[in-house]
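Take a look at the structure below.
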Amino acid sequence: MKVIKEDDLDKAIESLNKGNLIIFPTETVYGLGANALDSLAVDKIFAAKNRQSNNPLIVHLKNKEEINKYAIINNDVERKLINYFMPGPFTLILQKKDLIPSNVTCQLDTVGIRVPIDKIAHKLLEKLSFPIAAPSANKSTKPSGTNVLDIIDDFTDSVDYIIDGGDSLIGLESTVVKVIDNIPTILRPGFITKEDIEEVIGKCHVSEYLFKKADGQVESPGMLYKHYAPKTECILCDKEIINDFIDTTKKVIVIGHNLNITCYKYYDYGKTFEDIAHNIFKLLRQADRDKADLIIIEATSIKSLGLAIMNRLIRTCNYNYKRYNENS
Ligand code: TXA
Ligand code: MG
């Protein structure tokens, strides 16, 4: 895999045209992309990522006018969501048209559609005659890739080019929404929050699986699997009791904000939700490189963007959440 810059997009385009894989930046996280209309190229994504064959991919389009080519907009709620939140960090699950190969959606009759707003992603899509199918650029189970250094070793043999766009602006994946019985339902929370959607539509549900383990039939298959986890064991912990879990004979890395503690290493993840979203995946990968025995991550509230952060962290920690007050 070669690292290229924005002014070398033609190389990435040539690869995509040949049915090969590239990695490209978006405003959320990096994507591992292939021609979405070429089922053989799409197969390569599943192989490179070790991705389960029942976890569908998001299709990235250059603009929202293109949606009608690949999917059917069935009601005004879907239409409104598209108008307000696209382009941007927002994925809408729509009824699929036949042009999209069945392996992209893992045989579902729906397809996740996203129009990225990132300048490089947009420029790349504009130059192509097809959309890009892309999951986050990480091996399955690992934290999503938000910068070149974190991704490069995982895909040396399977990907032709990675387009370096620096650190991902947001750092967490898009909000995934499906309209069910005319009500938007958040299957995966993200930068576009429940509150943002309520402001536009009035009502918005969230999946019951954001904080608990899913099994069997779920709306979003991605929720079934281990995810966002570094190699090192992690626990999620309320600020007040972090000290109780620090064993000073072990290499314990603590990730949080403004904590005054003694441990092997302390990383500050920033003050605001935006800071935390931007930094968290990168810090988890750094903790692996620093060869910790345990990572303790300070829990946040679940208000607004906190919902997306905590949804990822609870999985990072394999549901191991130490609470200060069980009733809080
Ligand atoms: O920000 C993002 O969404 C990034 C960038 C690269 O666009 N992509 C991303 O893709 O996070 P991935 O594959 O890591 O996550 C896609 C999520 C999974 O949880 C998957 O199950 C869900 O979207 N999904 C995709 N198509 C779906 C469908 N037809 N029905 C329900 N869920 C779907
Ligand atoms: Mg992913």
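The values are calculated or read from the model by the stated rules, or taken from the named source; none is laboratory data. Nothing here was measured: the structure is a model prediction, and the numbers come from that model. Positions of Cβ are generated from backbone atoms using ideal geometry, with glycine treated the same way; all protein chains shown enter the neighbour counts.
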So V111, is it in the same structural domain as Y161 (by TED's automatic domain parsing), within 16 Å of ligand 2 (Cβ to nearest atom) and β-branched (V, I, T): no
Filtered residues of the range 117-149 (kept if farther than 30 Å from K231 by Cβ and of a type in the set (S, T, N, Q)): S129
Criterion (more than 16 Å from the chain's Cα centre (by Cα) and either on the phi < 0 side of the Ramachandran plot or basic (K, R) (or both)) met by exactly one of A47, A134: A47
Residue in the range 60-79 that is within 16 Å of ligand 2 (Cβ to nearest atom), buried (at least 17 other Cβ atoms within 10 Å of the Cβ) and in the same structural domain as Y30 (by TED's automatic domain parsing) present: yes
Count of residues meeting criterion [in contact with a Leu (Cβ under 9 Å, 6 or more places away or on another chain) and polar (S, T, N, Q)] in the range 4-23: 2
Strands (runs of 3 or more DSSP E) contained entirely in the range 1-109, each with at least 2 residues that are within 11 Å of ligand 1 (Cβ to nearest atom) and under 20 Å from I170 (Cβ atoms): 22-24, 31-35, 58-60, 90-96
Any chance T185 is at pLDDT below 95 and either part of a strand (DSSP E or B) or more than 16 Å from ligand 1 (Cβ to nearest atom) (or both): no
Near pairs, Cβ below 8 angstrom, 6+ apart or cross-chain, from the range 161-174 (within 7 Å of I4 (Cα to Cα)) to any residue that is assigned to a loop (DSSP other than H, G, I, E, B) and of a type in the set (K, R): I163/K5; D164/K5
Residues (outside any helix (DSSP H, G or I) and more than 19 Å from E27 (Cβ to Cβ)) located in the range 143-159: T156, D157, S158, V159
Of the criteria (1) in a loop (DSSP other than H, G, I, E, B); (2) within 16 Å of ligand 2 (Cβ to nearest atom), which one G166 fails: (2)
Which listed residue is assigned to a strand (DSSP E or B) and either within 16 Å of ligand 2 (Cβ to nearest atom) or basic (K, R) (or both), from K203, K123, K178, K139: K178
Yes/no for I242 being within 29 Å of the chain's Cα centre (by Cα) and part of a strand (DSSP E or B): no
Qualifying residue in the range 68-75 (condition: under 20 Å from the mean Cα position of the chain (by Cα) and over 18 Å from F155 (Cβ atoms)): no
Top-ranked residue in the range 20-59 [being farther than 19 Å from T105 by Cβ and either without any contact (Cβ under 8 Å) to a residue 40 or more places away in the chain or buried (at least 24 other Cβ atoms within 10 Å of the Cβ) (or both); ranked as nearest to ligand 2 (Cβ to nearest atom)]: V29
